[in-house]
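Peer 1: Let me give you the structure first, and then I'll get to my questions.
The values are calculated or read from the model by the stated rules, or taken from the named source; none is laboratory data. Only a predicted model underlies this, so the values are computations on that prediction, with no experimental measurement involved. In this analysis, Cβ positions are derived from the backbone assuming ideal geometry, glycine residues included, and neighbour counts consider all displayed protein chains.
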Amino acid sequence: MQRDTTLPPDAYTVQSVLGACAGAGALSLGVYAHALLLRQLGGHGDVSRDVLINNSLVDLYGKCGAVELARQVFDRMPERDITSWNVAILTLANHGCVRESVELFDRMTRAENVVPNAITFVAVLSACNHGGMVEEGRRYFEMMVSEYRIRPRIEHYGCMVDILARAGFIEEALDVVSGMNCRPDAIIWRSLLDACSRQNAGVELSEAMAKLALDVPDDAVSGVYVLLSRVYAFAQKWNDVGMVRRLMSDEGLKKEPGFSSIEMDGLVHQFVAGDTSHPWSEEIYAKLDEIEQRLASSGYKPDLSEARMVAGMDHTKGAALRLHSERLAISFGLLKATPGAPIRILKNLRVCKDCHTISKLISELYGVEIIVRDRIRFHHFKDGACSCKDYCSHSIYLRHKVEFIRDETAGNYKGDLLPDNILLEVFLCAIKTADYSSIGTCRHIKI
């Protein structure tokens, strides 16, 4: 639009761009859009004070892993609406900052006297879910119904069922389902099935949950079979794992393919499991061999139950785990990332427990921070630990202290990613003067 027409972008255009960058996790392009906002629109209608624009910035930095910047944008907003609070509460929840999230909710309702809506309670219940805070979840659900007279929706019930089931209160979760004012959807049954597999609730109960999930019309039928295969894998029933695989094949169902992407030097590199088409494949796999050797020396042993759709010998299952897409992305990140900079990875599926384990180990062995945004949440891996405290062991997110280097002569932003702890004033000053000519021609590489 800027290059091909004489029409200058307005605040609404930039807001749309910020939303697109947030959804794609494209931090570099998001920073470029923010810089455009400051450079060209800052003096027109004072858009920097616009509530919608600031809400979009909080969402952008939150979804791109820069949670501290998101919080600073929120804290310095001259005006806020209910969406501002909702976005901030949910952002903190998704990053594992669960205490900060519920504290922000309490500040909103008590100190600021802002009346929460149904979306607010989805956000705060999500925080309780990510943190395993069962009592708080019960309290907020009751508060929503009795104090604010908000009729629970399927999303609220889904959060409560997940909170209870993941904490081992499967019977109570089933009681919540039986008392719902609407029909449970497939997501709720899949949540219960997932919890059954992880709580060793028994094959029979898991099979019952799978049947209920399959009875509800839903496009994600393959996900039910994958979860059921995990139940059989955890029970070491490999023949049943093979049976599920054959059922999927007979019914023409395919497991949603997983992929992981990493942004490097303004380019997005995308990997699938066992990928060999990347121009750096030879170097990536050589680095992966090195990683495997260091992991083995540290005492790591693969969790073969996570290779649940592989019917074969243990070495075959181990080889399948080794080729997961996020491991290829991490290997590429170790090769290409600026020393001291974090590795940021986006994954379209939840990350398996074994990849969660090796990500923690890699962060310690290589002294690197890894941030992974998966389907559910962010996980920050640093110094051998994860921000989720291993409560949710299916996702990867490594907390990065991003390197931010500014050339005092040229005034150019050189860091691959933004540091979480950078002061907002320094950041804003830097992006105002940065050279974004290379980012402006960013291409998306699909491998």
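Peer 1: Being surrounded by 15 or more Cβ atoms within 10 Å (Cβ to Cβ) and hydroxyl-bearing (Ser, Thr, Tyr) is the filter here, so list the residues in the stretch 265-299 that pass it.
Peer 2: Result: SER281, TYR285.
Peer 1: Out of curiosity, is PHE271 assigned by TED's automatic domain parsing to the domain that holds ILE330 and of a type in the set (Phe, Trp, Tyr)?
Peer 2: yes
Peer 1: I would also like to ask the following. Show the residue pairs meeting these rules: Cβ distance below 7 Å; 6+ apart or different chains; first residue within the stretch 372-387 and over 9 Å from VAL351 (Cβ atoms) and part of a loop (DSSP other than H, G, I, E, B); second residue of a type in the set (Asp, Glu) and at pLDDT 90 or above.
Peer 2: ASP383/GLU364; GLY384/GLU364
Peer 1: Where the second residue is surrounded by fewer than 20 Cβ atoms within 10 Å (Cβ to Cβ) and basic (Lys, Arg) and the first is part of a loop (DSSP other than H, G, I, E, B) and lies in the stretch 345-358, which pairs have Cβ atoms under 8 Å and are six or more apart or on separate chains?
Peer 2: From residues that are part of a loop (DSSP other than H, G, I, E, B), the pairs are ASN348/ARG375; LEU349/ARG375; ARG350/ARG375.
Peer 1: Out of GLU207, GLU172, report the one residue that is over 24 Å from LYS353 (Cβ atoms), in contact with a helix residue (DSSP H, G or I) (Cβ under 9 Å, 6 or more places away or on another chain) and among the acidic types (Asp, Glu).
Peer 2: GLU172
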